[in-house]
């Protein structure tokens, strides 16, 4: 899953340290607290599910362009 983050989420991530240059790995509670999922967040704007399909999604972002997602 590829998601664009809301401004409030981006603002909160800016206060947290980066995992690497330009990205953070976070754990988020989704679906009204029913499920916990890990995401790789690029530049506090784009959250990509960090699961078994991560590398396919990353390739799609690189090939199609960051702004499209």
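No value in this document is a laboratory result; all are computed from the given coordinates. Being a predicted model, the structure only gives us computed values, none of them experimental. As a convention, Cβ positions derive from the backbone with ideal geometry for all residues, glycine included, and neighbour counts pool all protein chains shown.
Of these, 52, 63, 18, which one is part of a loop (DSSP other than H, G, I, E, B) and surrounded by fewer than 10 Cβ atoms within 10 Å (Cβ to Cβ)?
On the way: 63 fails: part of a loop (DSSP other than H, G, I, E, B); 18 fails: surrounded by fewer than 10 Cβ atoms within 10 Å (Cβ to Cβ).
Result of the check over 52, 63, 18: 52.
Scanning the stretch 1-15 for residues that are assigned to a loop (DSSP other than H, G, I, E, B) and without any contact (Cβ under 8 Å) to a residue 40 or more places away in the chain, which turns out farthest from residue 60 (Cα to Cα)?
Applying the filter and picking the extreme gives 15.
For the list (1) surrounded by fewer than 16 Cβ atoms within 10 Å (Cβ to Cβ); (2) touching a residue at least 12 places away in the same chain (Cβ under 8 Å), I need the number of the one condition that residue 35 fails.
Residue 35 satisfies every listed condition except (2).
Conditions: (1) on the phi > 0 side of the Ramachandran plot; (2) in contact with a strand residue (DSSP E or B) (Cβ under 8 Å, 6 or more places away or on another chain). Residue 58 meets all but one. Number of the miss?
Checking residue 58 against (1) on the phi > 0 side of the Ramachandran plot; (2) in contact with a strand residue (DSSP E or B) (Cβ under 8 Å, 6 or more places away or on another chain), the one that fails is (1).
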